[in-house]
Amino acid sequence: AYFSGQFSLKQMVDHIYGRINILNTVQRPNMFVNELNLYVDYFKAELSKNIEAATANKARQLKTFQANLFLGIEYYKNLISSIKNEAEKYLIDMRKDLNQLDATLRGMSLPEKIA
């Protein structure tokens, strides 16, 4: 997703060892933010799939899943202060992305009949 074309094995190895750069100029989000995005998308799909006919067990699972996502977001926000080898802009962008994920997740609150 972040490379600018098809490359030979030699070019990929050279990229890995820092001899060449074959990435697009697109800003890559933090891997933790990417992972959280996948989980939030999964939660959104599960929520919409079970919104009408959720069993008590499934409702509990959704509520727990959402709570764990909030804990993960907070964990990563706290982790930012210990990251020393990244540029300040990268860390600011990471915090912004985490805040956006938090807001998105809060917007997907469980309906009262499930909560």
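The values are calculated or read from the model by the stated rules, or taken from the named source; none is laboratory data. Nothing here was measured: the structure is a model prediction, and the numbers come from that model. When the accessible area is computed, the model is the full protein with side chains, heavy atoms only, and any ligands, DNA or RNA have been set aside. Shrake-Rupley method; radii C 1.70, N 1.55, O 1.52, S 1.80 Å.
Kindly write out, for the stretch 102-107 in residue order, the coupling ³J(HN,Hα) from the Karplus curve 6.51 cos²θ - 1.76 cosθ + 1.60 (θ = phi - 60°), rounded to whole Hz, with x marking Gly and Pro.
Those phi angles translate into 4, 5, 4, 5, 5, x Hz.
Say we join alpha carbon atoms closer than 10 Å with springs in a Gaussian network model of the chain; which of 34, 85, 99 then has the biggest fluctuation?
Maximum fluctuation in the GNM of the chain, among the listed residues, is at 85.
Heads up, I need the accessible area for residue 96: 1.4 angstrom probe, whole protein in place, Å², nearest 10.
120
With the radius of gyration and the Kirkwood radius both derived from the Cα set of the stretch 13-114, what is their ratio Rg to Rh?
1.11
Within the chain, how many Lys pairs sit with Cα atoms under 22 Å apart, leaving out pairs fewer than 8 places apart on the same chain?
Count of close lysine pairs: 14.
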